[in-house]
1. Can you give the Rg to Rh ratio of the chain, both from alpha-carbon atoms, with Rh computed by the Kirkwood formula?
2. Past 31 Å, Cα to Cα, is the threshold; run Lys88/Lys110; Lys110/Lys156; Lys11/Lys141; Lys70/Lys155; Lys104/Lys141 against it and keep the listed order.
3. In whole Å, largest first, what are the principal axis extents of the Cα atoms in the stretch 37-92?
4. Over all alpha-carbon pairs of the stretch 1-40, lay out the pair-distance distribution in 10 Å bins, whole %, shortest bin first.
5. How many angstrom lie between the Cα centre of the stretch 55-103 and the Cα centre of the stretch 1-33?
Amino acid sequence: MMNDNNLLIEKFYTAFANQDAETMSRCYHNEVLFEDPVFGKLHYEKVTSMWKMLIERSKGNLKIELSDIKSNAYSGSATWVATYLFSKTNRNVINKIHATFEFKDGLIVKHTDTFDLWKWSKQAFGFKGLVLGWTPFMQHKIQQQAQLSLDQYAKK
């Protein structure tokens, strides 16, 4: 059965699949807290910039598949798979992500994406990711680079 929060999650990922960052942004509460293994914790301005940046850098080479949407009045979850070319290395990445949500005023106020960063880094960086991707050093480096990329993008 589809409830309003299920529809909101579906709207968010349909917009992502259609490379519509504006609609994605409108699904978020202005107090939103986003977190994932690559970008860490982001608030409204940064998270909406992140989605815009990821969509732009995919240059139309992005496929989003959504499944397992579950929600109630307060929280929800979904599984999504992103298939894209990682812009820094031009390597193909298929990332399976588990998302959890909290809702406020009919919008997403908390969005947490979890995925296997080592598996992601093996695809994104090849041998270097395979050998080093599991290390806290490499994971910290990936997060630092992502933050720097986002800061530079936001300044444009």
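Rule-based calculations on the coordinates, nothing more; no lab input. Not measured: the values here are computed from a predicted model.
1. 0.96
2. In this structure, Lys11/Lys141; Lys70/Lys155; Lys104/Lys141 lie more than 31 Å apart at Cα.
3. Principal extents (largest minus smallest coordinate, Cα): 40, 26, 19 Å.
4. Per 10 Å bin, starting at 0, the Cα pair percentages come out as 27, 49, 23, 1.
5. For the stretch 55-103 versus the stretch 1-33, the Cα centre distance is 12 Å.
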